[in-house]
Amino acid sequence: MLLYNVRLAWKSLRRHPVLSLLIVTGIALGVGVATTFITVHHVLAQDPIPQRSGVLYYVRMDSWDPTAPHPDKSGIPPQITYRDMREIMKSRIPVRQTASFQSSLAVYPESRDIRPSLEPVRMAFSDFFPMFGVPFRYGAGWDRAADAKPEAVVVIGDRLNAKLFGGRNSVGRTLRIADHEFRIVGVLAPWRPRVRYYDMTGFPFTEPESVFLPFNWTETMEISSRGNVDGWKSVEGTPTFAERLHASESVFLQMWVELHGEAQARAYHGFLDAYAREQKRFGRFQRPLDNRVTPLLDLMAELQITPPQIKALATISILFLAVAALNLIGLFLGKFLARAPIVGIRRALGASRASIFLEHLIECELVGLIGGGFGLLLSLGVLSFFNRMIVGRLLKMEGFFQLDAAMITAAVLLSLVAGAIAGIYPAWRICSIPPARHLKNQ
């Protein structure tokens, strides 16, 4: 029966090609616009690391100026100081923990045919790699013993490995960074998360760094942050680089901990509060106690990684589809009423209202699906334009916005809903007309 009704609907569309094209175009535009902006919202709002996000927590502490709150909208510094990081890293509560920051250093290739380059560097602890699910093509990250010394080891990215070593396994090779020689222990697989979730203090859509070094080289090599740095109190005198790090109130470190379960999270939060109270005795942390241990997804929502304007556009696009479908009611109604005499004869011969209603509703849904198919093509074209002209130039990333299975399913459902909105009333109207009215005119 369903196939029979679909065949009747197809014949009806072919009998009125201009009218059918007009209706299909209206639904295609609505579905195309709605699918495009829903996909943009979906890509920006999705969990960047679903297998790990539930155990990753971002640490913030209010060590700011006692006379005024931090200008950040959260009211506290978005990062922590070096001196505080050194103390809270002594906690044994987290399963894993790492502080990190971004810098840049000169890299000198072995081959003289390749020019030295200034590469973005991430200073981090060994837990960084398993915490954030960093994929490796060759080798692995360094261990905690390498953190402590620190050992002269380095992890490099896939692109840098391709540039310096032609993409071959370079584990065990030596790489000169600044004025030190480092042994390569790991090479990342191609890794380009849509959101740089381990550091969202700046622009959160930049690509990961090319070089990863043990954090404790920071003092030895006097490596300064090239990311966001903020502070409220300068160090008096002419301190050395190390003295300035240990005495400064500058906040420039992103601190992450891995905690399993609410009990562990509460225990760690209590540890931070106890540390802050202890610091108050030494004249620090004079503002009201405000330490935060924020889950990754909550932090993304707080930082509005998905801009509220995108959510508004997605909502407006769905409303646009609904309006487009409502405007098609008149076209379907006129088309169906034109065949009222034939419907009257069929009713007189025994066709039920339900069968007449279902036949016409299936025609509406068929139009909706055809329009939805063209809408998907339109959405693919618009997203391709976004990727090429906006994302490609700004982020140097291919395929940022893509239609996945969830978005294709959403487009099909929107097509069916649009067909139902446009067709339910016309289908009900044609099946409710008394057949005797048309039989008298025959």
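Derivation of every value follows stated rules applied to the coordinates shown; laboratory data play no part. Keep in mind it's a predicted model, so treat the numbers as computed, not measured. Don't worry about glycine lacking a Cβ; one is built from the backbone with ideal geometry, like all the others, and counts go over all protein chains shown.
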Sorting Ser100, Leu361, Met300 by the position of each Cα along the dipole of the chain (Lys, Arg +1; Asp, Glu -1; all at Cβ), the one nearest the positive end of that ordering is Leu361
Checking rank on 37-43, 159-165, 231-237, with mean other Cβ inside 10 Å and highest first, the result is 37-43, 159-165, 231-237
Checked the stretch 154-250 against the a/c 1.5 cut and the a/b vs b/c comparison, axes a ≥ b ≥ c from its Cα gyration tensor; verdict oblate
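What percent antiparallel are the DSSP beta bridges of the stretch 46-198, to the nearest 5?
Values: 16 of 20 bridges.
Antiparallel bridges: around 80 percent, rounded to the nearest 5.
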Log entry: pair-distance distribution for the stretch 53-302, C-alpha pairs binned every 5 Å from zero, whole % per bin is 1, 6, 13, 17, 18, 17, 12, 8, 5, 2, 1, 0
So for R0 = 56 Å, FRET eff. of Arg83-Leu377 from the Cβ-Cβ r, to 0.05, ends up at 0.45
So the number of lysine pairs in the stretch 53-302 with alpha-carbon atoms under 27 angstrom apart, 8 or more residues apart or on different chains, is 6
Simple SL model, points at 7 angstrom along Cα→Cβ for Ala267 and Asn216; separation in nm is 2.5
Once Met389 and Leu349 are pulled to full extension, the length gained, defined as 0.36 nm per residue separation minus their Cα-Cα distance, is 8.3 nm
Under the rule rounded for a/c under 1.5, else prolate if a/b exceeds b/c, else oblate, using alpha carbon gyration tensor axes a ≥ b ≥ c, the stretch 204-286 is classed as oblate
What the Cα atoms of the chain span along the principal axes, largest first and in whole Å, is 105, 58, 33
Taking 0.36 nm per residue of separation between Arg176 and Arg112 and subtracting their Cα-Cα distance, the length gained on full extension comes to 21.8 nm
Descending packing, highest mean Cβ count within 10 Å first, for 363-375, 410-422, 346-358 is 363-375, 410-422, 346-358
Counting only DSSP beta bridges fully inside the stretch 53-302, the antiparallel percentage to nearest 5 is 80
Contact order relative to length for the stretch 53-302, counting C-alpha pairs under 8 Å separated by 6 or more residues, stands in percent at 33
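If I take every Cα pair under 8 Å that is 6 or more residues apart in the stretch 30-116, average their sequence separation and divide by the length, what percent do I get for the relative contact order?
RCO, the stretch 30-116: 14 percent.
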In the neighbourhood of Thr174 defined by beta carbon distances under 10 Å, the net charge of the other residues (Lys, Arg +1; Asp, Glu -1) is +1
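Below 8 Å, C-alpha to C-alpha, sequence gap of six or more: please give me the relative contact order for the chain in percent. List each step's numbers first, then the result.
Working: 734 pairs, mean separation 120.7, N = 442.
Worked out over the chain, it gives 27 percent.
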Expressed in angstrom, Rg and Dmax over the Cα atoms of the stretch 320-384 are 15.9, 54
